[in-house]
1. Name the strands (runs of 3 or more DSSP E) wholly inside the range 176-285 in which the number of residues that are of a type in the set (S, T, N, Q) is 1 or more.
2. Answer yes if at least one residue in the range 265-272 is out of contact with any helix residue (DSSP H, G or I) (no Cβ under 9 Å at 6 or more places or on another chain), more than 21 Å from GLY125 (Cα to Cα) and at pLDDT below 95, and no otherwise.
3. Within the range 264-285, restricting attention to residues that are buried (at least 23 other Cβ atoms within 10 Å of the Cβ) and aliphatic (A, V, I, L, M), which residue is farthest from GLU233 (Cα to Cα)?
4. Identify the residue in the range 143-167 that is small (Gly, Ala, Ser) and under 18 Å from the mean Cα position of the chain (by Cα) and, among all such residues, is farthest from HIS285 (Cα to Cα).
5. On the given criteria, is VAL245 surrounded by fewer than 23 Cβ atoms within 10 Å (Cβ to Cβ), out of contact with any Pro (no Cβ under 7 Å at 6 or more places or on another chain) and among the hydrophobic types (A, V, I, L, M, F, W, C)?
6. List the residue pairs whose Cβ atoms are under 7 Å apart, where the first residue sits in the range 266-285 and is free of Cβ contacts under 8 Å to residues at least 60 places away in the same chain, the second is surrounded by fewer than 24 Cβ atoms within 10 Å (Cβ to Cβ) and not in a helix (DSSP H, G or I), and the two are 6 or more positions apart or on different chains.
7. Can you confirm whether PRO204 is within 15 Å of ASP173 (Cα to Cα), surrounded by fewer than 22 Cβ atoms within 10 Å (Cβ to Cβ), of a type outside the set (Ser, Thr, Tyr) and more than 13 Å from the chain's Cα centre (by Cα)?
8. So ALA219 fits all but one of (1) touching a helix residue (DSSP H, G or I) at 6+ places or on another chain (Cβ under 9 Å); (2) at pLDDT below 90; (3) over 21 Å from GLU197 (Cα atoms); (4) not acidic (Asp, Glu); what number is the exception?
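The values are calculated or read from the model by the stated rules, or taken from the named source; none is laboratory data. On a predicted model such as this, the values are computed, not experimentally measured, just so you know. All Cβ positions, glycine included, derive from the backbone under ideal geometry; neighbour counts span all protein chains shown.
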Amino acid sequence: MTARTFGAIAPWVLAPAAGLLLAPGPAQTTLASAVTTPAEVSAATAMTAAPPATTPTATTADPGQADDNFPYSAKFALARIRFDVPMQFGLGGNGPPWAHDFPRAETNLMRIVEATTSINLYQGGGNIFTLDDPELFRYPVAYLVEPGFWRPTDVEVSRLREYLLKGGFMIVDDFRGDHIYNFDAQMRRILPDFKFEVLDTSDPIFDSFFGIESLDFEAPYGGLDPVYLGIYENGDTSQRLMAIVNYNNDIGDYWEWSDAGIIPIDLSNEAFKLGVNYLVYGLTH
């Protein structure tokens, strides 16, 4: 097996003993069906609201907010995954890792989804669930951030496995560097035989709504090259993509700050296009 380098990470030996299996995804031609025919969003529309009078402070969720979920309805909402953080990691100044960019990231993304698709959705910040909450199964798309700090319980491992195999779709975001090793280790508890597929623009998720022609993306993490990883059902690229993994990237950060006048329009546009495509793919596969 050969080694590949991603961003600033040392070369990975791609063998089971290394704990990481990565394979380049083959060219795929079957495109996911879109909810509606999208019009390309130009820079004039900016895909963002007008900048507020003052730059907002970053907002993160207190764990208690999980009790403030709005009732389930026919309207789509993104389900953010809440998890306990081992004490040795602490919380830092941005609150618990699972809550980074909440609720502004979801709120701003939903505004773009409403403007560009016919998806019937909840125009709020989304809901929060632990993996062992049976209510999660009502929500087809889950959002997990900062998986370098993620240590699911055995029950949560079982429930996420069930969620994914029953058709749930997971977006993983906001992590970099050696945090991939913990994420890989936890996913092996959930799907022991899984492997990461390195995705490119030929993969259907990048044409599920907007036609994304390039993945050359400037991530908020300076000096790192984003890598888009996929986890397929049964490890078979001809089957359903169960999770999209934004490694060395944080598109939620661009969603959060898109209306603050501090993020270049072209970057927030691309982040929103990725988000819309992820949601449409998750809802149609």
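1. 241-247
2. Within the range 265-272, one or more residues are out of contact with any helix residue (DSSP H, G or I) (no Cβ under 9 Å at 6 or more places or on another chain), more than 21 Å from GLY125 (Cα to Cα) and at pLDDT below 95.
3. The extreme case among them is ALA271.
4. The qualifying residue farthest from HIS285 (Cα to Cα) is GLY148.
5. In short, no.
6. LEU267/GLU218; GLU270/PHE217
7. Judged against the criteria, PRO204 is not a match.
8. Against the list (1) touching a helix residue (DSSP H, G or I) at 6+ places or on another chain (Cβ under 9 Å); (2) at pLDDT below 90; (3) over 21 Å from GLU197 (Cα atoms); (4) not acidic (Asp, Glu), ALA219 comes up short only on (3).
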